[in-house]
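No lab work stands behind these numbers, since they all come straight from the coordinates. In this text, all values refer to a predicted model and were calculated from it rather than measured experimentally. Virtual Cβ from ideal backbone geometry, glycine too; neighbours counted across all protein chains shown.
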Amino acid sequence: MAEVEVDEIRQTVERLHGGIARLAESVPVLESFEGKPVWEGVVHVFDLDYNPAATRAYAWSSPIKGKTTRRFFAVLHIPPITSPVEAIRATLVHEHLSKELRRKEGRAVS
């Protein structure tokens with residue numbers, strides 16, 4: 001499945017966080033855990049105007065397992081998240097903790 005257009009990711013940043021997003025750079029990221037890759041892709045770094053919380057955001061999309069659609073992510077540059085790698089790590093941890101919580105509550109986990 002092909003990566004989506006940067007403009008679509010920019011629109012996601014603006015929709016989720018407000019303000020006006022301008023692409024600053026695109027950074028390839030390979031995140032591993034215990035020596036095994038857990039995420040690989042490109043994180044787009046946007047400068048934000050008119051956002052009260054942050055002047056930068058990190059955004060990307062990932063395929064949804066078993067589907068032809070993608071999921072979009074947009075994380076604000078607010079410490080401790082101050083780099084593309086930290087944005088990926090925070091999202092991976094959040095996803096893992098959410099799955100664990102659903103599992104403990106007896107809800108289906110995909």
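Quick notes on this structure:
- Exactly one residue among 50, 58 is at positive phi and among the aromatic types (Phe, Trp, Tyr), and that residue is 50.
- When residue 101 is tested against the conditions (1) assigned to a strand (DSSP E or B); (2) farther than 23 Å from residue 11 by Cβ; (3) among the hydrophobic types (A, V, I, L, M, F, W, C), the lone failure is (1).
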